[in-house]
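Here the structure is laid out as structure tokens; the discussion comes afterwards.
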Amino acid sequence: MREKVLAWLQDNVPPKRIQHILGVEQMAIELARHYQLDTNTAATSGLMHDLAKYFKPQRLLALARAEGLPIDEVDIAAPHLLHADVSAIVARDEFGITDPEILHAIADHTLGKPEMSPMSCIIFLADTLEAGRGDTEELQSLRQLSYQNLHRAVWHTCDYSLQYLLSTRCLIHPRTIRTRNWAMTASYAQADN
């Protein structure tokens with residue numbers, strides 16, 4: 001299956017993006033191993049997380065609408081934000097993936113989602129923190145945190161992304177804010193136990 005996915009990716013995404021995808025796959029495996037989760041599920045989710053990354057905006061919107069996904073004004077203004085949800089559709093339809101854990105991890109990797117599973121948290125983190133994203137002090141700190149506390153790492157990674165979106169004057173999807181607030185609350189609840 002991996003070779004089939006890689007061949008598909010070579011036809012549908014640029015080489016630089018494939019390097020990112022392989023970085024996400026590797027970090028996802030490492031995090032899954034650390035948290036004693038299934039490394040095959042992590043690898044498959046990481047490898048397929050950006051299947052629809054380079055689909056044209058109208059194609060993303062059309063596939064999302066055909067699937068009955070909720071689409072709001074931010075999705076319409078910035079359809080590339082739908083690529084995670086559409087990548088899960090492609091994983092199902094093109095590669096026969098039916099495991100809900102994999103499909104959710106793929107769908108949740110960009111904006112996150114409140115009540116994400118640990119596997120979804122791992123793919124969300126790996127997408128932002130894989131080694132190819134850079135080596136700043138802030139990224140190093142977030143990487144360390146991802147091995148200490150998943151919820152706290154999701155919260156702080158959301159903050160990192162929000163700072164970037166604000167500084168570049170990009171639209172912010174409400175799901176990112178809901179994900180951040182959920183992760184912060186979950187992190188505090190975990191600390192209280």
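Every number here is computed from the coordinates shown, using simple stated rules; none is lab data. Quick caveat, the model's predicted, so the values are computed rather than measured. With ideal geometry, Cβ positions are generated from the backbone for all residues, glycine too; neighbour counts draw on all protein chains shown.
Rank the residues ILE89, ILE18 as a footprinting-exposure proxy: fewest other Cβ atoms within 10 Å of their Cβ go first.
Details: ILE89 21, ILE18 15.
The fewest-first ordering by Cβ neighbours comes to ILE18, ILE89.
Can you compute the FRET efficiency between THR98 and ILE18 using 1/(1 + (r/R0)^6), with r the Cβ-Cβ distance and R0 = 30 Å? Round to the nearest 0.05. Each step should come with its number before you reach the end.
Numbers: r = 25 Å, r/R0 = 0.83.
E between THR98 and ILE18, to the nearest 0.05, is 0.75.
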Evaluated at 4 °C and 1.567 mPa s, the Stokes-Einstein D of the stretch 99-170 based on the Kirkwood radius over Cα pairs, in µm²/s, stands at 104
How much length is gained on full extension from LYS56 to GLN144, taking 0.36 nm per residue of separation minus their Cα-Cα distance?
-> 28.1 nm
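Which chymotrypsin sites (Phe, Trp or Tyr not before Pro) in the stretch 94-153 sit in a loop by DSSP (not H, G, I, E or B) and have at most 16 other Cβ atoms within 10 Å of their own Cβ? Intermediate values should be presented prior to the final figure.
Details: sites: PHE95, PHE124, TYR147; in loops: TYR147.
Answer by residue number: TYR147.
What GluC sites (Glu not before Pro) in the stretch 71-142 are in a loop by DSSP, with at most 12 other Cβ atoms within 10 Å of the Cβ? Mind dumping the intermediate values first?
Working: sites: GLU73, GLU94, GLU101, GLU115, GLU130, GLU137, GLU138; in loops: GLU115, GLU130.
Filter output for the stretch 71-142: GLU115.
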With springs connecting C-alpha atoms under 10 Å apart, model the chain as a Gaussian network and identify which of SER87, SER120, SER161 has the largest mean-square fluctuation.
-> SER161
Distance-filtered residues of the stretch 41-71 - backbone nitrogen under 19 Å, label point 7 angstrom along THR168 Cα→Cβ | 50-57
Stokes-Einstein diffusion coefficient of the stretch 2-192, Kirkwood radius over Cα pairs, 37 °C, 0.692 mPa s, in µm²/s | 198
Check: C-alpha center the stretch 67-146 vs C-alpha center the stretch 19-53, spacing in Å is 11
